[in-house]
Amino acid sequence: MNAPFAKVYVIDAKGHLLGRLASVVAKLILNGQRVVVVRCEEMNVSGSFFRNKIKLQNYLNKRCLSNPTRGPFHFRAPSRIFYRALRGMIPHKTARGEASLGRLKVFEGVPPPYDKMKRMVIPRALRVINLKPGRKFTTLSRMATEVGWKYQDVVANLEKKRKVRAQAFYERKKAIANIRAKAVTVKEAELAPINEKLAQLGH
């Protein structure tokens, strides 16, 4: 992904394929870019729910038999499932890899202050572009819920409140834009001679 450098990229993960998004984000953070991924619970995984659940349960069976507290650690939250997939694409045991993971943040929902920041999508990772129509897919929140994630209702309630606030902000912004447009049309005749003089001066 040839992306210009920015202070931070806020990526809305809804409708993205997990692996494809992880590969793009991994490259960005390795190149020194700070990235925040929100709404991880709305991410998609290709393949049927049944198939993906079996694969996830096989992973949950993997442990250190002599002392399970040594790992591997099986995180249930969608954001941590995404984080683990991304970590496998990075040399995380080196100083460079560790520093790159420090530039990444992953969240369920859209917490402040990212709810008031412009969010972006990654077209090459979107499911509607990459997955053939009619193919089966599953949502990460459903998979996580099946294996023990308990906060899907909390996140859903917070998202509902955030969308109400966002709609109110949009309506207010639209009303202010309409008032400004009307004011410009009302004063257009009065400002015409001034605009002509400014045009003569090259403004």
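The values are calculated or read from the model by the stated rules, or taken from the named source; none is laboratory data. Everything quoted here is computed from the prediction, not taken from an experiment. Methodologically, a virtual Cβ is constructed for each residue, glycine included, from the backbone with ideal geometry; neighbour enumeration extends over all protein chains shown. Heavy atoms of the whole protein, side chains included, go into the accessibility calculation; ligands, DNA and RNA do not. Shrake-Rupley method; radii C 1.70, N 1.55, O 1.52, S 1.80 Å.
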Complete set of residues in segment 162-203 that are open to solvent by 90 Å² or more (accessible area, probe 1.4 Å), under 25 Å from the mean Cα position of the chain (by Cα) and either farther than 30 Å from GLY109 by Cβ or among the aliphatic types (A, V, I, L, M) (or both):
VAL164
Of everything in segment 129-161 that's among the small types (Gly, Ala, Ser) and assigned to a helix (DSSP H, G or I), which residue is nearest to PRO111 (Cα to Cα)?
ALA156
Pull up segment 93-112, narrow it to residues that are part of a loop (DSSP other than H, G, I, E, B) and within 19 Å of the chain's Cα centre (by Cα), then point me to the one that is surrounded by the most Cβ atoms within 10 Å (Cβ to Cβ).
GLU108
Exactly one of MET89, MET43 is over 13 Å from the mean Cα position of the chain (by Cα) and either within 25 Å of GLN152 (Cα to Cα) or open to solvent by 40 Å² or more (accessible area, probe 1.4 Å) (or both), and that residue is MET89
Contacts under 7 angstrom Cβ, first residue in segment 73-88 being free of Cβ contacts under 8 Å to residues at least 12 places away in the same chain, partner surrounded by fewer than 21 Cβ atoms within 10 Å (Cβ to Cβ) and charged (D, E, K, R), 6 or more apart:
PHE75/ARG84
ILE90 versus (1) of a type in the set (Val, Ile, Thr); (2) touching a strand residue (DSSP E or B) at 6+ places or on another chain (Cβ under 8 Å); (3) part of a loop (DSSP other than H, G, I, E, B): which is the lone unmet condition?
(2)
Scan segment 62-76 and give yes if some residue there is in contact with a Leu (Cβ under 9 Å, 6 or more places away or on another chain) and assigned to a helix (DSSP H, G or I), otherwise no.
no
